[in-house]
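This report concerns only the one structure given below.
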Amino acid sequence: MSHATAAHPAAGRYDSLHGDEGIDLEPYMERALEEVVETVLNYGMYPQPRRVSLYFTTGSTAPRQFDLYDWILETNAVDPSELREYFILSLNDHSSCGMFEDARSKWEKKLTEKLLDHFAGSEIVRERAEKLAEEGP
């Protein structure tokens, strides 16, 4: 996934919010891209929606920055006939004896590639890389 920073080589600098520190975000951009795409695939949005339970809270209280379904509709990233196929796949859970596993895998791979291209060098990924840099290695 080296194309994460190739689109925006200057996006690897961390000085916009932190003065002249100039922390290099390059080492964090690939991981940030993977985390953003994984979150979108798992939750249909970024950041992960907040979940509250009796014992702990997960996710973010930040407003939604990206909605997978809106993006698909707005950009025609997926052919409408493929949407029908995806809908059928989503109705069948993973316990369907593997009957739909090949189609689900194919669809997920295609969507992952499109999302990687969409988010490469994006502001969302840069912000996530900044947080990763703050947290350290």
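The values are calculated or read from the model by the stated rules, or taken from the named source; none is laboratory data. Note that the structure is a prediction, hence the values are computed from the model and not measured. As a convention, Cβ positions derive from the backbone with ideal geometry for all residues, glycine included, and neighbour counts pool all protein chains shown.
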Worksheet item: Looking at segment 87-107, which of its residues are at pLDDT below 75 and either in contact with a helix residue (DSSP H, G or I) (Cβ under 7 Å, 6 or more places away or on another chain) or surrounded by 12 or more Cβ atoms within 10 Å (Cβ to Cβ) (or both)?
Response: LEU89, ASN92, SER96, PHE100
Worksheet item: For residues in segment 120-137 being among the small types (Gly, Ala, Ser) and in a helix (DSSP H, G or I), which is farthest from ILE23 (Cα to Cα)?
Response: ALA129
Worksheet item: If you go through segment 32-52, how many residues are assigned to a helix (DSSP H, G or I), among the aromatic types (Phe, Trp, Tyr) and surrounded by 19 or more Cβ atoms within 10 Å (Cβ to Cβ)?
Response: 0
Worksheet item: Among all residue pairs at least 6 apart or on different chains, which show Cβ distances below 6 Å where the first residue, located in segment 67-87, is in a loop (DSSP other than H, G, I, E, B) and the second is at pLDDT 80 or above?
Response: ALA77/LYS114; VAL78/ILE72
